[in-house]
Amino acid sequence: MARDISDATPITDTAELAAYLEAGCKPEADFRIGTEHEKFPFFKADNAPVPYEGERSIAAVLHGMKDKLGWDAIMDGENIIGLADPSGMGAISLEPGGQFELSGAPLRTLHETCRESNRHLAVLRSVAEPMGIGFLGVGGSPKWTLAETPRMPKSRYGIMSNYMPKVGTQGLDMMYRTCTIQVNIDFSSEADMRRKMALSQKLQPLATALFASSPFTEGRPNGLLSWRGDIWRDTDNNRAGLLDCAFEPGFGFERYVEWALDVPMYFIIRDGRYRDCTDITFRQFMAGALKGEVEEWQPTMGDWTNHLSTLFPDVRLKRFLEMRGADGGTWRRICALPSFWVGLLYDAGAMDAAEQLTADWSIADIHRLRDEVPRLALKAEIGGRSLLDVGREVIEIARAGLKARNNLNASGQSEAVFLMTLDEIIAKKATFAEDLLALYHGRWNGSVDPLFAEFQY
């Protein structure tokens, strides 16, 4: 989320919170695809992290991108922390450790999504290369310690950094040393949202396995294929992980609101300043917990919108659904992830087939799979089948869904062309993380440094 919201509309009843989510419903003809991706900036000379301040810095890159794009600066006090397209078609933001994120525009086709990523990376290179800065797309910081990782001057991150060690063992690693690719998916109704939420929660571990790309920590193999996936197992389990309630037959906007109300808050913004609210839930906030402590103590829709952005389930509900299971990756993977989810969730026949395939998976099965995937990836099993076999079938379902959409590029190719990256993984029976480990133990001679040169954007 590039910019925290300042909507002063007062909240008088929890029904308004559910209505806010329900307002995301739209006709299928208006469905769009929003793709987000993060990458690690580094100095090409020595693979060192890039600081926020200085002539060659993250702030300097943001200012350079502002000049190139003509986008509006997003400020936190006197610090530039992001950029926003004035027309609302995209934003650039900073994650806590300097991870550089593009939040893409809501686009109609995957062909447009890939062109958008290409344009973004081309402009970014034109600004960053004269400073000797490159960008790496993997799921976890492969070399730097937490102490070596820079910290961005973004107020919400200061509050989160203080809070994370109180609620989990890996929250700071999540904040400062992981990158992801995410896809935002629309829904037409509460029933459509319910189906998409349940199905995508079931298949999120498969996405984690297919996109596993974080086998290194502090210069050495960490024993995992998706370190990022493992980190999310103990970041803050009050607000992250699988939502069991989403599998209930009556799950809907009100049920998600009831869950969100009881999650501790991070902050509210008053007079441009962030106030730490980690000691209360949103339900307590609505009951007047800050009365007498803050002059403007009444909850607003801006507070609610910001609170929704601090919830981290594997599939997050806003006015759309966020697919949150994948590690960061190379350019081809930025195109592959939305092709996977769009193929499954934007075609009725594909959704029916995927639901039938996963119909016998219990909640306990999915929890177990989620726990095993960071270590085993496609070798993990569910229902007596390996994820490799399940993945092969799911990708074919997604391919059929994309072909049915019949969105062709100038060469007459459907959106299914972007599944080729996943086809290669299935054919090799090995994830990108396993490829990286083979290089590390082979021609890289036990060093992660070649990763920066060979797989930078």
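Being under 21 Å from the mean Cα position of the chain (by Cα), surrounded by 15 or more Cβ atoms within 10 Å (Cβ to Cβ) and more than 16 Å from D423 (Cα to Cα) is the requirement here; does R405 meet it?
Spelling it out, it is not the case that R405 is under 21 Å from the mean Cα position of the chain (by Cα), surrounded by 15 or more Cβ atoms within 10 Å (Cβ to Cβ) and more than 16 Å from D423 (Cα to Cα).
Considering only segment 164-174, I want to know if a residue exists there that is crowded, with 20+ Cβ neighbours inside 10 Å and within 30 Å of G343 (Cβ to Cβ).
Checking segment 164-174: at least one residue is crowded, with 20+ Cβ neighbours inside 10 Å and within 30 Å of G343 (Cβ to Cβ).
Could we say that V257 is open to solvent by less than 10 Å² (accessible area, probe 1.4 Å), more than 23 Å from F432 (Cα to Cα), touching a Ser or Thr at 6+ places or on another chain (Cβ under 9 Å) and modelled with pLDDT of 95 or more here?
yes
Can you tell me which residue within segment 304-327, out of those that are open to solvent by less than 10 Å² (accessible area, probe 1.4 Å) and of a type in the set (D, E), is nearest to E36 (Cα to Cα)?
Result: E322.
For segment 442-457, which positions are touching a residue at least 40 places away in the same chain (Cβ under 8 Å), open to solvent by less than 30 Å² (accessible area, probe 1.4 Å) and outside any helix (DSSP H, G or I)?
Residue satisfying the conditions is V448 alone.
Specify which of the listed residues (L69, L121, L107, L102) is surrounded by 22 or more Cβ atoms within 10 Å (Cβ to Cβ) and either within 19 Å of the chain's Cα centre (by Cα) or modelled with pLDDT of 95 or more (or both).
L102
Does at least one position in segment 182-190 carry a residue that is in contact with a Lys or Arg (Cβ under 7 Å, 6 or more places away or on another chain), part of a strand (DSSP E or B) and open to solvent by 10 Å² or more (accessible area, probe 1.4 Å)?
Within segment 182-190, one or more residues are in contact with a Lys or Arg (Cβ under 7 Å, 6 or more places away or on another chain), part of a strand (DSSP E or B) and open to solvent by 10 Å² or more (accessible area, probe 1.4 Å).
What number of residues within segment 401-417 satisfy the criterion of being in contact (Cβ under 8 Å) with a residue 24 or more places away in the chain and in contact with a Lys or Arg (Cβ under 9 Å, 6 or more places away or on another chain)?
Total meeting the criteria: 3.
Quick one: in segment 226-240, of everything that is of a type in the set (A, V, I, L, M, F, W, C) and closer than 18 Å to T431 by Cβ, which residue is least open to solvent (accessible area, probe 1.4 Å)?
The qualifying residue least open to solvent (accessible area, probe 1.4 Å) is I231.
I'd like the full set of residues that are open to solvent by 10 Å² or more (accessible area, probe 1.4 Å), assigned to a loop (DSSP other than H, G, I, E, B) and among the hydroxyl-bearing types (S, T, Y), limited to segment 202-225.
Matches in segment 202-225: none.
Answer with yes or no whether R283 is open to solvent by 20 Å² or more (accessible area, probe 1.4 Å) and in contact with a Leu (Cβ under 6 Å, 6 or more places away or on another chain).
So R283 fits the description; yes.
Tell me which residues, restricted to segment 338-363, are open to solvent by 40 Å² or more (accessible area, probe 1.4 Å), assigned to a helix (DSSP H, G or I) and farther than 18 Å from V315 by Cβ.
Selection gives A348, G349, D352, Q356.
Could you grab the pairs with beta carbons closer than 9 Å, sequence gap of 6+ or different chains, first residue in segment 32-56 and more than 16 Å from V138 (Cα to Cα), second one in a loop (DSSP other than H, G, I, E, B) and polar (S, T, N, Q)?
Final answer for the pair search is I33/T109; V50/S57; P51/S57.
Looking at (1) surrounded by 14 or more Cβ atoms within 10 Å (Cβ to Cβ); (2) under 22 Å from A105 (Cβ atoms); (3) at pLDDT 95 or above; (4) of a type outside the set (F, W, Y), can you tell me which one D4 breaks?
For D4, the failing item is (3).
Whether any residue in segment 10-23 is open to solvent by less than 80 Å² (accessible area, probe 1.4 Å), among the small types (G, A, S), modelled with pLDDT of 95 or more and assigned to a loop (DSSP other than H, G, I, E, B) is what I want to check.
Within segment 10-23, one or more residues are open to solvent by less than 80 Å² (accessible area, probe 1.4 Å), among the small types (G, A, S), modelled with pLDDT of 95 or more and assigned to a loop (DSSP other than H, G, I, E, B).
I need the full set of residues from segment 33-54 which are at negative phi, in a loop (DSSP other than H, G, I, E, B) and surrounded by fewer than 19 Cβ atoms within 10 Å (Cβ to Cβ), in order please.
K44, A45, D46, A48, P51, E53 - these are the residues of segment 33-54 that are at negative phi, in a loop (DSSP other than H, G, I, E, B) and surrounded by fewer than 19 Cβ atoms within 10 Å (Cβ to Cβ).
Considering V138, V127, which residue is in a helix (DSSP H, G or I) and at pLDDT 95 or above?
Criteria check complete, one pass: V127.
Working only within segment 409-441, note down all residues that are over 13 Å from I395 (Cα atoms), aliphatic (A, V, I, L, M) and either assigned to a helix (DSSP H, G or I) or in contact with a Gly (Cβ under 6 Å, 6 or more places away or on another chain) (or both).
Once the filter is applied, which keeps residues that are over 13 Å from I395 (Cα atoms), aliphatic (A, V, I, L, M) and either assigned to a helix (DSSP H, G or I) or in contact with a Gly (Cβ under 6 Å, 6 or more places away or on another chain) (or both), segment 409-441 yields A433, L436, L437, A438, L439.
Yes/no matrix, rows are residues, columns are (1) under 30 Å from R220 (Cβ atoms); (2) of a type in the set (K, R); (3) outside any loop (DSSP other than H, G, I, E, B):
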site: A73; (1), (2), (3): no, no, yes
site: S93; (1), (2), (3): no, no, yes
site: R115; (1), (2), (3): no, yes, yes
site: T145; (1), (2), (3): yes, no, no
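Checking the condition surrounded by 14 or more Cβ atoms within 10 Å (Cβ to Cβ), over 22 Å from the mean Cα position of the chain (by Cα) and modelled with pLDDT of 95 or more, which residue from E372, E415, E396 passes?
Unique residue meeting the criteria: E396.
Against the conditions (1) without any contact (Cβ under 8 Å) to a residue 60 or more places away in the chain; (2) touching a helix residue (DSSP H, G or I) at 6+ places or on another chain (Cβ under 8 Å); (3) open to solvent by 40 Å² or more (accessible area, probe 1.4 Å), where does P249 fall short? Just the number, please.
Going through the list (1) without any contact (Cβ under 8 Å) to a residue 60 or more places away in the chain; (2) touching a helix residue (DSSP H, G or I) at 6+ places or on another chain (Cβ under 8 Å); (3) open to solvent by 40 Å² or more (accessible area, probe 1.4 Å), P249 breaks only (2).
For segment 378-387, give me the residue count where each residue is assigned to a helix (DSSP H, G or I) and within 23 Å of the chain's Cα centre (by Cα).
The qualifying residues number 2.
The values are calculated or read from the model by the stated rules, or taken from the named source; none is laboratory data. Not measured: the values here are computed from a predicted model. Cβ coordinates were reconstructed from backbone atoms using ideal geometry, including for glycine residues, and neighbour counts include every protein chain displayed. Ligands, DNA and RNA are excluded from the accessible area calculation, which covers all protein heavy atoms including side chains. Shrake-Rupley method; radii C 1.70, N 1.55, O 1.52, S 1.80 Å.
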